[in-house]
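The values are calculated or read from the model by the stated rules, or taken from the named source; none is laboratory data. As the structure is a prediction and not an experimental result, all values here were calculated from the model. Reconstructed Cβ throughout: ideal geometry from the backbone, glycine too, with neighbour counts over all protein chains shown. Heavy atoms of the whole protein, side chains included, go into the accessibility calculation; ligands, DNA and RNA do not. Shrake-Rupley method; radii C 1.70, N 1.55, O 1.52, S 1.80 Å.
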Amino acid sequence: MSKTRNVAIIAHVDHGKTTLVDGLLAEAGAFARGDESDRAMDSGDIERERGITITSKPTALLWKDHRVNIVDTPGHADFGGEVERVLNMVDSVLLVVDAFEGPMPQTRFVTQKAVKLGLKVILVVNKIDRDGCDPHAAVDKTFDLLVSLDASEEQLEFPVIFCSARERYAMADPDHEPGPISSVLDLVLEHAPSPTTEEDAPLSMWVSTLLHDNYLGFLAIGRIKTGGVKVGDRLALIRPKPGQDPNPQADCTEVFRISKLIQFQGVRRFEVESGRAGDIIAIAGMQSLEVGDTLTCEALEGRRCFPKLEVDPPTLSVRFRVNDGPFAGKEGQWVTSRKIAERLFREVRSNVALRVANTETAEEFEVAGRGELHLSVLMETMRREGYEFCVSRPKVILQEDEHGKRLEPYERVAIACDAAYAGAVIEKLGRRQAEMTAMEEEGGGRQRMEFKIPSRGLIGYRSEFMTDTRGTGVISSVFERYGPYLGTRRTRPRGVLVVLEPGETMTYSLARLQERGTMFLGAQVPVYTGMICGENSRDGDLVINPCVNKKFTNVRSAGADEKLFLTPPRALSLEEALAFIEDDELLEVTPESLRLRKRQLNHSMRKREEKQAALG
């Protein structure tokens, strides 16, 4: 296997991983004519719309008689589980660092996982064409990061290359003449170790990711650790139990015959007849599959099992429930609790950082993930598939220490913004119980700040931050540890405007009501009793009737035909709506609409429940 290299590309969000993969694939001729495009590895619709990588994806290219298997990974902290599960497929990592920003919070998280596994680190300093960047300072900060993570002597002697993935050039030193981006591949061939293999041993493969094909069924993707495999072989699928040593006999879920073997190159997949130790390959033929399963030989005495794949636990949870509102079933295709449960538990098979559990009622399910974005992407995916459901306000997952004291998750937040906006950012984060840990000048009138903040303090802050910094700020966060619980805090300073009776919103009513608060709906929008149509300008909820139309009579008056002007309604995104709702409210998610509503729609019943809660 001296002609094979297995590498993963890891970095903080927006440091240029996927752009670098595009450049390497194009340089190696992996694209057919007309196939080349920006962010070719971001194949999902949501990935392309948001401009981020959500799932880890393998690809491969041929360079100087070598096969280089590359795994592109997400950079956002919420999808850290995608990084954790694929690092066992590779022998080295390309650590991409922005020459301007240097190592960021997610850089530390992914580098820590690679160092712990003993992987070889190759540093790629990207965006050296950016004004005000300091490539050598980025290298020094990366070295300090590796030292703080207790990296080995070999890992600390990492090779470095400087590049601009967008402009597709690279060089060994920023002062040298630019060369082709393929210099990165030459560095990989020189420094990345080839996989150590046992080709004569029985087959063993740890399933690192999976796909589902409408014709082939499940596809188990992973790196063959030992042995070889060919089409028609019979394999055993082992699914170890969490926290227990794997048992080759008791944990065997099924024995199946391989129907297809598939390898990856560029953006295409192609069938092969066989695979050997060190290859990253996809195997089809099994009836069921989960990430972390082991595929091994059929013979009991030759079976080799890997432990259950463990990733860092989730920190945020929401409750999915059946939509029981008046508009239920009008826009969605899948609305029953059985269909919602099937979809959620199917997601757990491939999304290793997600947890789904039944609750005290059959209509609700508790879903836990790494953060707001992690959960909102799942909701957006489900609504595009035709599902209709309601979700509650996100809550952090609390723990208890050995003394019985409650602990809550804390995150490390890094912020870069213009100095003129730093005061507003510090003030807003201070209200959310954040503690500043570092502050420094970045040059060009910008400041860089680091905070330690409870995870619940960040819920809904990102959109507020972009408003405060006029869209020029950069914010990123990563889970740090569990710390002391800081008590309850007020999440929303004002109440909401609640619809009194069902109907259709009218311009006549909205024009009179808009001075009472900020409207979320325009005219001619169907509403129902208990639906939230805006934010009150004062504390407490206000019940209003936006469906009253002007009464027409034959009496003339001076102001009869007065022209009405409506302020444009405030449209909430999925993440903003999740952060806006309180514990007694729900977000109704359908393929066509996002609606805010009270959990108890009836006004009289809601008032009665509020009085009972106040009396204790």
- Query: From the residues in segment 262-307 that are in contact with a Cys (Cβ under 9 Å, 6 or more places away or on another chain) and not in a strand (DSSP E or B), which one is surrounded by the fewest Cβ atoms within 10 Å (Cβ to Cβ)?
  - Reply: L300
- Task: Would you point out which residue out of R432, R346, R406, R412 is touching a helix residue (DSSP H, G or I) at 6+ places or on another chain (Cβ under 6 Å) and open to solvent by 50 Å² or more (accessible area, probe 1.4 Å)?
- Result: R412
- Hey, which of the strands (runs of 3 or more DSSP E) in segment 517-616, taking only ones fully inside, have at least 1 residues that are open to solvent by 40 Å² or more (accessible area, probe 1.4 Å)? 517-519, 542-544, 594-598
- Restricting attention to segment 451-460, the residues that are modelled with pLDDT of 90 or more and in contact with a helix residue (DSSP H, G or I) (Cβ under 9 Å, 6 or more places away or on another chain) number exactly 2
- Task: Look through segment 380-403, keep the residues that are part of a helix (DSSP H, G or I) and of a type outside the set (D, E, K, R), and return whichever of them is surrounded by the most Cβ atoms within 10 Å (Cβ to Cβ).
- Result: M382
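Condition check: modelled with pLDDT under 90, aliphatic (A, V, I, L, M), more than 18 Å from F79 (Cβ to Cβ) and open to solvent by 20 Å² or more (accessible area, probe 1.4 Å). Does A362 satisfy that?
Here the answer is yes, as A362 does meet what is asked.
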- Output the number of the condition that F320 fails; it satisfies all remaining conditions of (1) outside any strand (DSSP E or B); (2) touching a strand residue (DSSP E or B) at 6+ places or on another chain (Cβ under 7 Å); (3) surrounded by 15 or more Cβ atoms within 10 Å (Cβ to Cβ). (1)
- Task: Report yes if D279 is within 16 Å of I224 (Cα to Cα) and of a type in the set (D, E, K, R), otherwise no.
- Result: yes
- With respect to F218, determine if the residue is open to solvent by 10 Å² or more (accessible area, probe 1.4 Å), under 30 Å from S350 (Cβ atoms), in contact with a His (Cβ under 9 Å, 6 or more places away or on another chain) and not hydroxyl-bearing (S, T, Y). yes
- Item | Lone qualifier among V68, V115 - being at pLDDT 85 or above, part of a helix (DSSP H, G or I), hydrophobic (A, V, I, L, M, F, W, C) and open to solvent by less than 30 Å² (accessible area, probe 1.4 Å) | V115
- Query: Before we move on, is V160 open to solvent by 20 Å² or more (accessible area, probe 1.4 Å) and touching a helix residue (DSSP H, G or I) at 6+ places or on another chain (Cβ under 8 Å)?
  - Reply: yes
